[in-house]
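The structure appears below as structure tokens.
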Amino acid sequence: MRMNRVMSRSRVLMVLVLILALGVSFFLGEYALNSGKWVHSAGSPHIYNADNIGCGQIADRDGNLLLDLTGTRTYSNSALLRMSTLHWVGDRQGNISAPALSHYAKQIAGFDPFSGLYAYGGVGGQVQLTLSAQLQMAALEAMGDYKGTLAIMNYKTGELLCAVTTPTYDPDDVPDIAGDTSGAYKGVYLNRFTQSTYTPGSIFKIVTMIAALECIEDIETQEFTCTGELAYGVDKVTCERVHGKQNIRDAFKNSCNCAFAKVSEQIGGKRLARYAQQLGVLDPLEFDGIKTAAGNIDSADRAEVLVAWSAIGQHKDLVNPASFLSLVSAVANGGIGQRMHLVDSIQTGLTTTYEAKPASSDRLMSTQTAQTLQELMRNNVENYYGDENFAGFAVCAKSGTAEVGGDLKPNAMFTGFLTDEEYPLAFIVTIENGGYGRLTCVPVLEKVLLACRDAL
């Protein structure tokens with residue numbers, strides 16, 4: 001009897017030991033798999049201060065401090081630099097988000113399941129961005145009182161070197177935005193480079209030209225006659241002036257709406273929309289946890305006059321500056337783009353927890369198409385915009401003047417790239433209600449290109 005009781009108790013004890021072992025094993029498995037997620041979850045007191053990441057330091061490509069995330073967040077000593085980088089590092093109140101910093105919270109804090117958080121005590125990682133502080137400040141000064149965005153990227157590596165949004169403000173001297181009645185701060189919380197879309201105007205003729213070069217066999221030998229307007233029944237497409245007889249090269253240089261309307265008839269609305277999709281100007285662009293605004297075109301199954309206006313960059317066309325810059329970079333790079341990135345590396349203690357690796361995107365167009373378009377955009381500068389206006393660089397470019405309706409002045413657009421091997425740079429300038437793209441954007445861009453010689 002006594003032996004039976006001992007055996008029974010032994011069995012119970014073994015069951016309890018087995019349950020304990022299974023429980024410990026389950027915990028260790030969960031810890032190994034999910035401890036990093038637990039520590040880095042939103043609101044974790046180890047690495048967050050209210051809604052902001054509370055550890056780490058953010059620097060530009062040259063090591064200039066942009067933001068110390070510990071405590072109450074300490075920004076650069078330069079007010080101009082604080083203002084020019086605000087839409088990338090965010091503000092204290094959370095009105096302007098910094099999705100790239102949130103995306104890399106795990107790498108900034110660092111975590112080792114054996115030794116714990118690298119960032120324990122609020123030290124955190126050292127984040128190096130691809131942005132140049134010098135270019136950011138030069139771009140902000142060049143934009144002046146204009147609203148819009150100016151961005152430059154390296155089309156060989158995908159590094160985003162400069163991307164300024166205006167209006168902006170000093171996070172260390174926050175104005176009364178809610179009480180402002182002048183309109184000076186309208187849309188100030190938006191990162192216009194990633195979150196906005198614009199009617200593109202004639203820069204969209206880059207998309208139409210790519211479609212024409214690949215779909216219309218004799219496009220380079222065709223002749224177009226512009227009388228200042230092209231009738232479509234009771235509707236019409238108009239040009240600012242009469243361009244007379246011209247080939248496609250001159251029509252692109254003159255930004256002739258009538259010629260591109262005739263080109264659109266040969267392409268067709270469905271194929272134009274398909275090319276816009278293929279070239280990446282419709283879907284959101286994603287990089288470093290950032291998702292840009294989607295573009296739009298409404299040309300499929302539409303009347304010829306509406307297809308014509310879409311091919312010209314009007315009607316319901318919308319483009320995001322980041323996505324369009326990516327397209328222009330692909331033109332510069334022989335038809336293959338480089339994936340855009342903002343975060344270069346993250347160093348936590350002695351460990352590199354993240355390092356960007358340049359990566360090519362899909363081929364967007366044939367090498368021949370890219371080369372021909374490069375020549376056409378170079379011709380625009382040599383014979384219309386003027387080489388003397390681009391700080392001594394050889395530039396390929398296209399301007400746009402986008403009508404936005406009502407009594408508002410058109411949006412001014414300008415995009416292109418440099419052909420200099422030392423400066424493989426693509427750019428886009430968008431100035432809201434700025435008027436003519438060439439007249440408004442080129443002087444702004446030239447100031448930033450001058451700064452590129454010193455900064456890069």
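Structure values in brief
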quantity: In the stretch 249-344, lysine pairs with alpha-carbon atoms under 20 angstrom apart (chain gap of 8 or more, or interchain); calculated: 4
quantity: Globularity ratio of the stretch 343-401, using Cα Rg and 2.2 N^0.38 Å; calculated: 1.83
quantity: Separation of the SER360 and SER78 label points, Cα + 7 Å toward Cβ, nm; calculated: 3.6
quantity: Those Cys residues of the chain for which no other cysteine Cβ falls under 4.7 Å; calculated: CYS55, CYS162, CYS215, CYS239, CYS256, CYS396, CYS441, CYS452
quantity: Kirkwood hydrodynamic radius over Cα pairs of the stretch 221-272, then Stokes diffusion coefficient at 37 °C and 0.692 mPa s, in µm²/s; calculated: 294
quantity: For the stretch 178-238, Kirkwood radius (reciprocal of mean inverse C-alpha pair distance, Å); calculated: 16.3
quantity: The chain, relative contact order [Cα under 8 Å, separation at least 6], %; calculated: 16
quantity: Normalised convex hull volume, the chain, alpha-carbon set, Å³ per residue; calculated: 202
quantity: Antiparallel DSSP beta bridges within the chain, as percent of all bridges there, nearest 5; calculated: 95
quantity: Calculated diffusion of the stretch 65-111, Stokes-Einstein form, Kirkwood radius summed over Cα pairs, 20 °C and 1.002 mPa s, µm²/s; calculated: 189
quantity: Angstrom value of the Kirkwood radius, inverse mean 1/r, which spans all Cα pairs in the stretch 354-456; calculated: 15.1
quantity: Principal axes of the stretch 145-302: Cα extent on each, largest first, Å; calculated: 59, 37, 29
quantity: Relative contact order computed over the stretch 320-423 (Cα-Cα under 8 Å; 6+ residues apart), in percent; calculated: 22
quantity: Area projected by the alpha carbon convex hull of the stretch 226-379, averaged over all directions, nm²; calculated: 10.9
quantity: Hull volume in cubic angstrom per residue (convex hull over the Cα atoms of the stretch 122-210); calculated: 168
quantity: Separation between Cα centres of the stretch 342-421 and the stretch 262-335, rounded to whole Å; calculated: 16
quantity: Protection proxy ranking of 154-167, 420-433, 369-382 - average other beta-carbon atoms within 10 Å, highest first; calculated: 154-167, 420-433, 369-382
quantity: CD proxy at 222 nm, helix term only [per DSSP H run n ≥ 4: -39500 (n - 2.57); per residue of the chain; nearest 500]; calculated: -11500 deg cm²/dmol
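Throughout, read-outs are computed from the coordinates displayed, never taken from laboratory work. All values reported here derive from a predicted model rather than from experimental measurement. Neighbour counts run over all protein chains shown; Cβ positions are idealised from the backbone, glycine included.
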